[in-house]
1. Of Gly7, Gly14, which residue is surrounded by fewer than 17 Cβ atoms within 10 Å (Cβ to Cβ) and closer than 26 Å to Tyr186 by Cα?
2. Quick one: what pairs do we get from region 176-194, first residue under 18 Å from Asp116 (Cα atoms), second outside any helix (DSSP H, G or I) and of a type in the set (Val, Ile, Thr), C-beta under 6 Å, 6+ apart or different chains?
3. Is it the case that Arg143 is within 22 Å of Gly126 (Cβ to Cβ) and either surrounded by fewer than 16 Cβ atoms within 10 Å (Cβ to Cβ) or among the polar types (S, T, N, Q) (or both)?
4. Quick check on region 9-42: of everything there that is outside any helix (DSSP H, G or I) and within 8 Å of the chain's Cα centre (by Cα), which residue is farthest from Ala175 (Cα to Cα)?
5. Looking only at region 114-138, filter to residues that are in contact with a Ser or Thr (Cβ under 8 Å, 6 or more places away or on another chain) and of a type in the set (D, E, K, R); which one of those is surrounded by the fewest Cβ atoms within 10 Å (Cβ to Cβ)?
6. Could we say that Ile124 is part of a helix (DSSP H, G or I), within 24 Å of Arg36 (Cβ to Cβ) and without any contact (Cβ under 8 Å) to a residue 40 or more places away in the chain here?
7. Checking the condition free of Cβ contacts under 8 Å to residues at least 40 places away in the same chain, in a loop (DSSP other than H, G, I, E, B) and of a type outside the set (A, V, I, L, M, F, W, C), which residue from Gly134, Gly207 passes?
8. Suppose we keep only residues that are part of a helix (DSSP H, G or I) and among the small types (Gly, Ala, Ser) within region 43-72. Which one would you say is farthest from Thr89 (Cα to Cα)?
Amino acid sequence: MNVILFGPPGAGKGTQAQLLAKRYGIVHLSTGDMLRQAVASGSALGQTVQKIMAAGTLVPDDIMIELIAERIDAPDCANGFVLDGFPRTTPQAEALDAMLAEKGMSLDHVIWIEIDDAILVDRISGRFNCAECGAGFHDSFHRPKVEGVCDGCGAREFSRRKDDNAETVKARLEAYHEQTAPLLPYYRSKSIVETVDGSTQISDVAGRIETILEGV
């Protein structure tokens, strides 16, 4: 089973990908993780990636496709994969399809997690973490049980990502609508897209995705 999860920043793609990987015995492919693993491996491709990232430039599409191709050849991907964070543009999607076709593979499902921008701004800009153990909290949805004290480790120091603010989130959403949302008609033309409401509880979103994948 080969699946792509799509949706705007903060839609919960990473969380759902992890749940799918565990339930179906497939591999969660995060482009960020793949890039870090390539660099850590010290391979020729990894060294190329390291130089590109050190220069602060985007990793070219052909290198990303090569990384994905190399990763899905690994034995643990025998049952399939769930891809999160790629492709982001139509040329990337076309290149991914071509690479999979060369391997005699194809995508089975594209799950589009749809959610209103206003909800996302609130969801992302309200996030904060324990500075000690990394436990996640939210200003509105998940505050510590004891104010100012981490539920997990009892620490009293918290942190927020610098880019988790309303202005930055809105800019990221604009980029998503301009660059990534046009992928929807591309994949719809292949009749493999299903849309899921991402504004509901994590368990509800997971249940809807499972229903789609199992053809219930």
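1. Selected residue: Gly14, the only one of Gly7, Gly14 that is surrounded by fewer than 17 Cβ atoms within 10 Å (Cβ to Cβ) and closer than 26 Å to Tyr186 by Cα.
2. Here the result reads Gln179/Thr89; Glu194/Ile111, each pair linking region 176-194 to a residue that is outside any helix (DSSP H, G or I) and of a type in the set (Val, Ile, Thr).
3. In short, yes.
4. Ser30
5. Only one residue tops the list, namely Asp116.
6. no
7. So the residue among Gly134, Gly207 that is free of Cβ contacts under 8 Å to residues at least 40 places away in the same chain, in a loop (DSSP other than H, G, I, E, B) and of a type outside the set (A, V, I, L, M, F, W, C) is Gly134.
8. Selected residue: Ala44.
Taken together, the values in this text are just the output of simple stated rules run on the coordinates, not laboratory data. These numbers were taken from a predicted model, which means no experiment stands behind them. When we count neighbours, we look across all protein chains shown, and the Cβ atoms used for this are built from the backbone with ideal geometry, even at glycine.
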